[in-house]
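Comments concern the structure below.
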Amino acid sequence: ALAEARIPALITKGTALAYSLYDDPAIRARGDTDLIVLSRNRGKVRAVLRAAGFVDDAEALAFQENWHAP
């Protein structure tokens, strides 16, 4: 949906982090996916996520927002 809206985004998972920082990578939880977007596109990204059925958890941190699919 972000590509269709022509919004660039980097999609990442924590697996590489788990292997680089943990003695046992299996102990790092992997229940999410991270999207990195330009700050100027935040409003557009929020609209795309809402249209796709995602819900904002409304507990935004300084540089992070949490969204989930109900």
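For the reader, a short list of remarks on this structure follows.
- Taken together, the residues in region 16-40 that are more than 14 Å from the chain's Cα centre (by Cα) and more than 24 Å from P70 (Cβ to Cβ) amount to 14.
- Filtered by the rule that a residue be basic (K, R), surrounded by 13 or more Cβ atoms within 10 Å (Cβ to Cβ) and either in a loop (DSSP other than H, G, I, E, B) or touching a residue at least 40 places away in the same chain (Cβ under 8 Å) (or both), region 23-70 gives a lone residue, R28.
- Check on L10, at negative phi and in a helix (DSSP H, G or I): no
- For region 1-22, filtered to residues that are touching a Ser or Thr at 6+ places or on another chain (Cβ under 9 Å) and open to solvent by 90 Å² or more (accessible area, probe 1.4 Å), the residue that is nearest to V45 (Cα to Cα) is I11.
The values are calculated or read from the model by the stated rules, or taken from the named source; none is laboratory data. Quick caveat, the model's predicted, so the values are computed rather than measured. Don't worry about glycine lacking a Cβ; one is built from the backbone with ideal geometry, like all the others, and counts go over all protein chains shown. Each accessible area value is taken on the protein alone, full model and side chains, heavy atoms only, with ligands, DNA and RNA left out. Shrake-Rupley method; radii C 1.70, N 1.55, O 1.52, S 1.80 Å.
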